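Step one of this worksheet: look at the structure below.
The values are calculated or read from the model by the stated rules, or taken from the named source; none is laboratory data. Note that this is a predicted model, so its numbers are computed, not measured. Every residue, glycine as well, gets a Cβ built from its backbone with ideal geometry; the counts of neighbours run over all protein chains shown.
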Protein chains: 2
Amino acid sequence: MTNTATATIVSLEEFLIYWQGHRALTRRVIEVFAEDQLFTFSAAPPMRPFGVMAWEIHQVSELTLNGLLTGKWPEPDWREGVSKDRAELLKAWDALSGRLEREFLKVDLAFFPQTHTLPWGEMTGWAAAIYTIDNEIHHRGQGYVYLRALGIEPPAFYER
Amino acid sequence: MTNTATATIVSLEEFLIYWQGHRALTRRVIEVFAEDQLFTFSAAPPMRPFGVMAWEIHQVSELTLNGLLTGKWPEPDWREGVSKDRAELLKAWDALSGRLEREFLKVDLAFFPQTHTLPWGEMTGWAAAIYTIDNEIHHRGQGYVYLRALGIEPPAFYER
């Protein structure tokens, strides 16, 4: 039985599994696009291609992991998607997933309720971390419409 | 200063604010559609109209609040969107937001790490609660593409 007095909504370990599950699903979405469409297709122009959104997700995730570990949240150099090379995107993606796996459990729990200054405003560590994942889910959901418009079956949402 | 020993990633109070923020944003998305398009338009058929997705979000959210409070997670009667009347959808939406505000803080923290049997599998209370919000963000992101395809400016994602 769990002791009510010490129970929490989510532990660091569960949050890591949750975040990595979303990263694995987004990776499958990146992979299922045809490479030329990943960086060119939009279901509703001028919305950005999914590959550009995926680079944004990568940059925000990297900023968030660094911020949670160091307290520094510098504005990323967005560069509109960095490159149009899927292999380069996936390499950066996997490197960050590896860092997350090795480093996330070192985050001080006290960091979550504290307020931090991000490029997009003041917020708690919790708000910063969950906003990063929310942003990933939001854009990935858009990627699902792109895939459907292209006649491609997206990966199952509930598989992580 | 926060005491590290007792700090948690997110408190019940913060989780409630987080959930309600998403509900407020989704409500704005429901409102910004033209009513006939809310229940008929799809940017990538056979994807469902956003109004049908919004009813699903409502039903899953209701199931989740009930489950967290009672331990019972009965399969909803989906009925493909219940009705095509936006006023009826918004009325149900607001009633549930009111219940959430009054009842969510009564959820026993011990419920989150415990495993529960939902219609879509066994999972912890944390996984059930966050999956509900993930599903809302995912479908709402799809609604953003629908709005862009219709030439309608969606509400700002970062405003809650």
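Inspect segment A:3-10 for any residue being under 19 Å from B:ASP134 (Cβ atoms) and within 13 Å of the chain's Cα centre (by Cα) and give the result as yes or no.
no
If A:GLU136 passes every condition in (1) free of Cβ contacts under 8 Å to residues at least 12 places away in the same chain; (2) acidic (Asp, Glu); (3) within 14 Å of chain B (Cβ to nearest Cβ) but one, which one does it miss?
Going through the list (1) free of Cβ contacts under 8 Å to residues at least 12 places away in the same chain; (2) acidic (Asp, Glu); (3) within 14 Å of chain B (Cβ to nearest Cβ), A:GLU136 breaks only (1).
Please report, ordered by residue number, the helices (runs of 4 or more DSSP H) entirely within segment B:31-132 with at least 2 residues that are charged (D, E, K, R) and closer than 30 Å to B:VAL10 by Cα.
Values: elements: B:35-38, B:50-70, B:86-103.
The helices (runs of 4 or more DSSP H) meeting that bar are B:50-70, B:86-103.
Condition first: touching a Pro at 6+ places or on another chain (Cβ under 6 Å), assigned to a helix (DSSP H, G or I) and closer than 24 Å to A:GLN142 by Cβ. Can you find one or more residues in segment B:136-144 that meet it?
Kept after step one, since they are touching a Pro at 6+ places or on another chain (Cβ under 6 Å), are these residues of segment B:136-144: B:144.
Filter once more, so that each one left must be assigned to a helix (DSSP H, G or I): B:144.
Remaining after also requiring closer than 24 Å to A:GLN142 by Cβ: B:144.
Yes, segment B:136-144 contains a residue that is touching a Pro at 6+ places or on another chain (Cβ under 6 Å), assigned to a helix (DSSP H, G or I) and closer than 24 Å to A:GLN142 by Cβ.
Restricting to segment A:60-85, give me the number of residues that are closer than 25 Å to A:LEU16 by Cα and of a type in the set (D, E, K, R).
Total meeting the criteria: 3.
Collect the residues in segment B:104-119 that are at the interface with chain A (Cβ under 7 Å from one of its Cβ atoms) and either among the β-branched types (Val, Ile, Thr) or within 19 Å of the chain's Cα centre (by Cα) (or both), keeping them in residue-number order. Talk me through it step by step, then tell me what you get.
Within segment B:104-119, the subset at the interface with chain A (Cβ under 7 Å from one of its Cβ atoms) is B:108-110, B:112-114.
B:PHE112, the sole residue that qualifies.
Using the structure shown, decide if A:THR26 is closer than 24 Å to B:ALA128 by Cβ, β-branched (Val, Ile, Thr), surrounded by 17 or more Cβ atoms within 10 Å (Cβ to Cβ) and under 16 Å from the mean Cα position of the chain (by Cα). Break it down stepwise before answering.
Working: closer than 24 Å to B:ALA128 by Cβ: yes; β-branched (Val, Ile, Thr): yes; surrounded by 17 or more Cβ atoms within 10 Å (Cβ to Cβ): yes; under 16 Å from the mean Cα position of the chain (by Cα): yes.
Against the criterion (closer than 24 Å to B:ALA128 by Cβ, β-branched (Val, Ile, Thr), surrounded by 17 or more Cβ atoms within 10 Å (Cβ to Cβ) and under 16 Å from the mean Cα position of the chain (by Cα)), A:THR26 qualifies.
Somewhere in segment A:89-107, is a residue buried (at least 18 other Cβ atoms within 10 Å of the Cβ) and closer than 18 Å to A:PRO155 by Cβ?
yes
Between residues in segment A:120-131 that are within 16 Å of A:GLU62 (Cβ to Cβ) and residues that are of a type in the set (Val, Ile, Thr) and modelled with pLDDT of 95 or more, which pairs lie under 7 Å by C-beta distance while being six or more apart or on different chains?
Close Cβ pairs (under 7 Å, with a partner that is of a type in the set (Val, Ile, Thr) and modelled with pLDDT of 95 or more) amount to A:ALA128/A:THR64; A:ALA129/A:THR64.
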